[in-house]
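**Student:** Got a structure for you, written out below as structure tokens; questions coming shortly.
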Amino acid sequence: MDNKITKGISKSLSYILRHSPETIKLKLDENGWAEVDELIARFDLYDLKLDFELLEYVVEHNDKKRFAFNADKTKIRANQGHSISIELDLDEGEPPSYLYHGTVEKFLPDIKAQGLQKMSRQHVHLSADKETAIKVGGRRGRPIILIINSKAMNKAGYKFYLSANNVWLTAVVPAEYITF
Ligand code: HQG
């Protein structure tokens with residue numbers, strides 16, 4: 001399968017399913033699910049015709065497992081990263097002692113003052129491994145890795161959720177739980 005095509009579809013799907021379903025007049029339910037038939041019928045990327053097999057290939061081979069089908073593959077959603085208000089309805093999880101967040105230097109003064117905020121998304125995104133955080137921070141420049149004392153946060157009552165693609169999600173990380 002042509003990598004450029006599958007990457008293009010993945011980018012477009014991320015935009016539609018996380019941020020802007022209305023671009024293709026798609027409706028998501030309150031948990032972020034779209035009807036697969038509707039998505040296929042309305043998906044429009046250059047001259048590309050999306051069919052179920054191609055969609056299934058993208059979902060299964062996506063590098064970060066960004067999308068998931070429901071059990072009978074009639075519905076699809078993004079596993080995390082939304083800016084639109086949907087309820088992922090994930091079970092609360094017990095995080096490892098420490099989690100990581102990759103960012104860049106210019107955000108540090110604000111993060112020190114306000115903690116990690118979800119900004120335009122629905123959650124703060126954290127990872128269990130440093131390598132992922134390095135990649136996430138590296139999207140914006142030289143990555144700076146913050147260590148989050150997630151166990152202490154959880155003990156203090158902050159809730160954590162593990163997305164289907166292993167991203168740890170939480171509402172906010174106060175600065176006192178961050179090692180800079
Ligand atoms: C920063 C990608 C100022 C934060 C990635 C980050 C991830 C603050 C940026 C996923 C702040 C938000 C999410 C504060 C946080 N003041 N800046 N108080 N609190 N920030 O993109 O974590 O490839 O919304 O450090 O790989 O970078 O799209 O979050 O730099 O998994 O699947 O504000 O998106 O995944 O940026 O990335 P984002 P993120 P995909």
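The values are calculated or read from the model by the stated rules, or taken from the named source; none is laboratory data. Nothing here was measured: the structure is a model prediction, and the numbers come from that model. Cβ sites come from the backbone with ideal geometry, for glycine too, and all protein chains shown count toward neighbours.
**Student:** Return the total of residues in region 105-150 being part of a helix (DSSP H, G or I), touching a residue at least 24 places away in the same chain (Cβ under 8 Å) and touching a strand residue (DSSP E or B) at 6+ places or on another chain (Cβ under 9 Å).
**Tutor:** 13
**Student:** For region 1-31, give me each residue that is without any contact (Cβ under 8 Å) to a residue 40 or more places away in the chain, assigned to a helix (DSSP H, G or I) and crowded, with 17+ Cβ neighbours inside 10 Å.
**Tutor:** S12, I16, I24
**Student:** When residues of region 151-168 are filtered for being in a loop (DSSP other than H, G, I, E, B) and among the charged types (D, E, K, R), how many remain?
**Tutor:** Count: 1.
**Student:** Report the residue count in region 80-125 for those that are hydrophobic (A, V, I, L, M, F, W, C), closer than 19 Å to P174 by Cβ and near the ligand (Cβ under 8 Å from one of its atoms).
**Tutor:** 6
**Student:** Right, something else. Tell me, please, whether a residue that is within 9 Å of the ligand (Cβ to nearest atom) and in contact with a Lys or Arg (Cβ under 9 Å, 6 or more places away or on another chain) can be found in region 144-161.
**Tutor:** no
**Student:** Looking at I16, I40, I24, I9 in this structure, which one is closer than 20 Å to D89 by Cα, in contact with a helix residue (DSSP H, G or I) (Cβ under 9 Å, 6 or more places away or on another chain) and hydrophobic (A, V, I, L, M, F, W, C)?
**Tutor:** I16 is the lone residue from the list that is closer than 20 Å to D89 by Cα, in contact with a helix residue (DSSP H, G or I) (Cβ under 9 Å, 6 or more places away or on another chain) and hydrophobic (A, V, I, L, M, F, W, C).
**Student:** Can you say whether D63 is of a type in the set (D, E), modelled with pLDDT under 95 and within 13 Å of the ligand (Cβ to nearest atom), as far as the supplied structure shows?
**Tutor:** Yes, satisfied.
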